[in-house]
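The values are calculated or read from the model by the stated rules, or taken from the named source; none is laboratory data. The shown structure was predicted, so the numbers you read here are calculated from the model rather than taken from an experiment. Ideal geometry is used to build each Cβ from the backbone, glycine not excepted, and the neighbour counts take in all protein chains shown.
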Amino acid sequence: MIFMPRDNSITLGALTDLLGGTLVGDPEAVIHGVCSLDEQAPDAIAFSNASTPRTLQTGLDGLQARALLVRDDVDTATLNTTANLVRVPEPLPAMVRLVPLFYSEFEVERVVSERADIHPTAEIGRDVHVGAFCAIAEHAVVGDGAVLYPGVVLYPHARVGAGSVLHSGVTIRERCVIGEDSVIQNGAVIGSDGFGYYPSPEGHQTVPQVGVALLSDRVDVGANTCVDRATLGTTPISRGVKIDNLAQIGHNVSIGDHAIVCGDVAIGGSTKVGKGAVLAGASSYADHLEIADGARFTGRAAAGHVRKYEKGDYTGYPAQPIGQWKREQVMIRKLPKLLKRLRALEESVASRP
């Protein structure tokens, strides 16, 4: 979605009523926008997810925003502040509810540009926007209400589901599918050839990549991410999956419902990622792994020394259960002292007659 600022204001009392929260402060204070704690505006409201008075106090020190959304399970009575506080169960969802007060979603005009190149056999649904310099090949399908910003390319027989939004520079390769209400950010490629070769006396020979990539409904794909088509069969990305920028999804990878794939993640071919799994930034995964539903990996974790990862939290290189990793880190820190003791023992033994 594209958002544009609105010139709007609301009193802090009315804002608190809207959120169903509790106000500690001036109900007549006027709020003109939302902001973060990193870039504060004096007439706006910010939010803090701090879960203890001590960490919340850190955010309040030097607060410049007019008000702050805070968790209602944090005791604010002991805080050293005169700031306006709005107590709510969850500050981030509350902030999301406030965004439409100060930003409006940009409604692109539902027209098909005369400067788009659309093959006569392509199927274009109702209430669709196709921007300038889009290229839609033969037998491609664009569902009702979809938005293709300028420069989107659909290869032959590609399909875009109803209500989906493809930003400029997106490429959907032949026979690949985008489900309904999905968002593909700038520069992403869905259905690029998988990395498949075999050695021969003449050098590396290409394995034809004849499968497809299938994205289900409500899938978000970040900028410059690549989802490879399958060698044979499909690369299925299930409903509600969220993929960040610059991720590499290898051929025949499957990702379960509502999993999260953060930026710079690389997943090797045929790995299966379970429902609700979380793959944090820059973590990497070898091919043919099995990652259970709900498994979580920290940033830069590297999975591959075992084939199956059960539900749990993993970190490190190679990736291992966090509890085990912590114990090993404690032992590693003790190694210099242990080595010193070992050398002293060796010298003592050697000096005996």
Quiz prompt | Yes/no for Tyr317 being modelled with pLDDT under 95 and closer than 30 Å to Asn252 by Cβ | solution = yes
Practice problem: Please work out which one of (1) under 18 Å from Ile190 (Cβ atoms); (2) crowded, with 22+ Cβ neighbours inside 10 Å; (3) in contact with a Leu (Cβ under 8 Å, 6 or more places away or on another chain) is the condition Gly263 fails and give its number. | Solution: (2)
Self-check item: Answer residue from the stretch 215-272, given it is part of a strand (DSSP E or B) and among the hydroxyl-bearing types (Ser, Thr, Tyr) and is farthest from the chain's Cα centre (by Cα) among those
Solution: Thr234
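For (1) at pLDDT 95 or above; (2) surrounded by fewer than 14 Cβ atoms within 10 Å (Cβ to Cβ); (3) more than 30 Å from the chain's Cα centre (by Cα), each residue gets a yes or a no:
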site	(1), (2), (3)
Arg71	yes, no, no
Thr76	no, no, yes
Val108	no, yes, no
Ser113	yes, no, yes
Exercise. For the stretch 273-290, name all the residues that are under 18 Å from the mean Cα position of the chain (by Cα), among the hydrophobic types (A, V, I, L, M, F, W, C) and more than 17 Å from Cys226 (Cβ to Cβ).
Key: Ala277, Val278, Ala280
Quiz item: Would you call Ile10 closer than 20 Å to Arg71 by Cα, at pLDDT 95 or above and of a type in the set (Val, Ile, Thr)?
Solution: no
Self-check item: Residue list for the stretch 18-30, filter: touching a residue at least 24 places away in the same chain (Cβ under 8 Å) and touching a helix residue (DSSP H, G or I) at 6+ places or on another chain (Cβ under 6 Å)
Solution: Leu19, Leu23, Ala29
Exercise. State which residue is nearest to Leu246 (Cα to Cα) when the search covers only the stretch 180-206 and only residues that are within 23 Å of the chain's Cα centre (by Cα) and in a strand (DSSP E or B).
Key: Val189
Quiz item: Of all residues in the stretch 194-218, how many are surrounded by fewer than 16 Cβ atoms within 10 Å (Cβ to Cβ) and charged (D, E, K, R)?
Solution: 1
Quiz item: Here is a list of conditions, (1) outside any loop (DSSP other than H, G, I, E, B); (2) out of contact with any strand residue (DSSP E or B) (no Cβ under 6 Å at 6 or more places or on another chain), and Gln209 meets all of them except one; can you say which number that is?
Solution: (1)
Self-check item: All positions within the stretch 7-28 that are in a helix (DSSP H, G or I) and surrounded by fewer than 17 Cβ atoms within 10 Å (Cβ to Cβ)
Solution: Gly13, Ala14, Asp17, Leu18
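Quick grid of which residues meet (1) touching a residue at least 24 places away in the same chain (Cβ under 8 Å); (2) closer than 26 Å to Val170 by Cα; (3) buried (at least 18 other Cβ atoms within 10 Å of the Cβ):
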residue	(1), (2), (3)
Gly233	no, yes, no
Arg239	yes, yes, no
Gly250	yes, yes, yes
Val253	yes, yes, yes
Ala280	no, yes, yes
Ala319	yes, no, yes
